[in-house]
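Here the structure is laid out as structure tokens; the discussion comes afterwards.
Only the coordinates and a few stated rules stand behind these numbers; no lab work does. As the structure is a computational prediction, the values presented were derived from the model and not from experiment. Cβ placement follows ideal geometry from the backbone for every residue including glycine, while neighbour counts extend to all protein chains displayed.
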Amino acid sequence: MSATNKINAYAAMAPEAKLTAYQFNAGPLDRNEVEIAVDYCGICHSDLSMIDNEWGMSDYPLVAGHEVVGRINAVGEGVSHLKAGQVVGLGWHSGYCQLCSTCGSGDHNLCANAQGTIVGHHGGFADKVRANASAVVPLPEGMDAKTAGPLFCGGITVFNPLVQFDVKPTDKVAVIGIGGLGHLGLQFLRAWGCEVTAFTSSDSKIAEAKKLGAHHCINSRNAADIEQAAGRFDFIISTVNVKLDWDLYLSTLKPKGRLHFVGATLEPLDLNVFNLIMAQRSVSGSPVGSPATIAKMLEFAVQHDIKPVVETFKFEQINEAIAHLKSGKARYRIVLER
């Protein structure tokens, strides 16, 4: 099969605009690239942020979509480890410099010169997408392609800290926010062997959180309930993008405990440094993972039957799907399908 230069997509022509049909010429396939025929593509809050230029780095026309699953349509002449017809996925990054120290040490996701899939590059809200072969990860045997897309962003975002910070099966871990990221965090942590607590502001999600893997639930709107958890947790993952009483959450950590951010809260953190110093606690954050960690996550997900909970829309319903995500009613990830 050969690459198709003309790609049909859905693009935002300006910030906050509805997506419209857009065709562009992708040019010849680079020798280190592959072209993926898109079968499924998740919609992530990061897509909305890019469409609306919330981060000030969007270029228009903008073709979003970075939770791609599809079949390789064409392979550049320099690619030997991937073949046409393979079912693969593509996440936040579509290429890496391969020259810096972070790439050399396997931390490709931290490459300062990584190419974003939807930053200065057209993404997966299209019939095809191009990417450097180094960023493309085959789906393991037994993985459901329809629900796999959100693992390439939401899934790896909550899985990566377990690897990076050596979370142990004996740890007591909490997840703040049971949404698109949090519902995956609960599943991964339960399968990892941890004792898992869900902080949720929604009473309607308590039963669901326990079904997804939480042993315990705490009402995040009730400060007294949070105070009762003082000194309980080894590790807390925050998936929310809103300001909370972070000192209160820090107090629920054990000595040497860690409060880790994967949700992109835009407001500065208001922390009492003595809350960190006296118990030797840490605060950290992380992005998505490297291709090697993504592959490890996919294998782990298959072994433990971990799947995103998804709602599906047809590609031609893309504006309806985006409106549904913006409404806050999605449970829990949205996937576009052909």
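Across all Cα atoms of the range 169-309, the radius of gyration (one decimal) and Dmax (whole number) stand at 14.7, 43 Å. Taking Cβ atoms as reference points and 11 Å as the exclusive limit, the residues near Ala37 contribute a net charge of 0, counting Lys and Arg as +1 and Asp and Glu as -1. Between the Cα long axis of helix 154-164 and the first principal axis of the chain there is an angle of about 60°, rounded to the nearest 10. Counting only the Cα atoms, the range 1-61 fills a convex hull of 116 Å³ per residue.
Each of Met50, Met278 has some number of other Cβ atoms within 10 Å of its Cβ, and from fewest to most they run Met278, Met50. Other residues lying with their Cβ under 13 Å from the Cβ of Ala301 contribute a combined charge of -1, Lys and Arg counting +1, Asp and Glu -1. Restricting attention to the range 155-285, the count of lysine pairs at 8 or more positions apart or across chains with alpha carbons under 23 Å apart stands at 11.
In degrees from 0 to 90, rounded to the nearest 10, what is the angle of the helix 291-303 Cα long axis to the longest principal axis of the chain? Roughly 70 degrees, rounded to the nearest 10.
Computed from the alpha carbon positions, the gyration tensor of the range 258-329 leads to an equivalent ellipsoid with semi-axes of 34, 22, 11 Å, biggest first.
Of Lys172, Lys205, Lys146, the residue with the greatest mean-square motion in the GNM of the chain, using alpha carbon springs below 10 Å, is Lys205. Taking 7 Å steps out from each Cα toward its Cβ at Asn113 and Asp166 produces label points 3.3 nm apart.
Net length available on complete extension from Lys83 to Lys211 is 42.2 nm, with 0.36 nm assigned per residue and the Cα-Cα distance removed. The eigenvalues of the Cα gyration tensor, multiplied by 5 and square-rooted, give the range 31-150 an equivalent ellipsoid with semi-axes of 21, 19, 13 Å from largest to smallest. Rounded to the nearest 0.05, what FRET efficiency do Ala224 and Asp59 give with R0 = 45 Å and r taken as the Cβ-Cβ distance? Could you check? The value I calculate is 0.40. Evaluating kT/(6 pi eta Rh) at 25 °C and 0.890 mPa s, with the Kirkwood radius of the chain over Cα pairs in the Stokes-Einstein relation, gives 120 µm² s⁻¹. Descending by average beta-carbon neighbour count within 10 Å, the peptides 210-217, 163-170 line up as 210-217, 163-170, the highest first.
A cut-off under 14 angstrom between Cβ atoms defines the neighbours of Ala26, and their net charge, with Lys, Arg +1 and Asp, Glu -1, is -1. Taking Ser286, Ser49, Ser80 in turn, the Gaussian network model of the chain (Cα-Cα springs below 10 Å) assigns the largest fluctuation to Ser80.
Placing dummy labels 7 Å off each Cα toward the beta-carbon, the span from Leu99 to Phe274 is 5.1 nm. Placing a pseudo-label 7 Å from each Cα along the Cα-to-Cβ vector at Glu141 and Glu299 gives an inter-label distance of 1.4 nm. Ranking of Cys41, Cys194 by neighbouring Cβ atoms within 10 Å, starting from the fewest: Cys194, Cys41. Under the classification rounded if a/c is under 1.5, otherwise prolate if a/b is larger than b/c and oblate if not, where does the range 55-107 fall, given a ≥ b ≥ c as square roots of the Cα gyration tensor eigenvalues? Oblate, since a/c reaches 1.5 and b/c is not below a/b. Springs between alpha-carbon atoms under 10 Å, Gaussian network over the chain: tell me which of Thr102, Thr312, Thr157 tops the mean-square fluctuations. Most flexible of the set in this elastic network: Thr102. For the range 233-272, a Kirkwood radius taken over Cα pairs fed into Stokes-Einstein (10 °C, viscosity 1.306 mPa s) yields D = 152 µm²/s.
With a Förster radius of 41 Å applied to the beta-carbon distance between Ser201 and Thr312, the computed FRET efficiency rounds to 0.95. The range 125-175 to the range 294-337: how many Å between their Cα centroids? After rounding, the separation between the Cα centres reads 12 Å.
Excluding the site residues themselves, the longest part of the chain lacking any GluC sites (Glu not before Pro) in a DSSP loop with at most 16 other Cβ atoms within 10 Å is 142-338.
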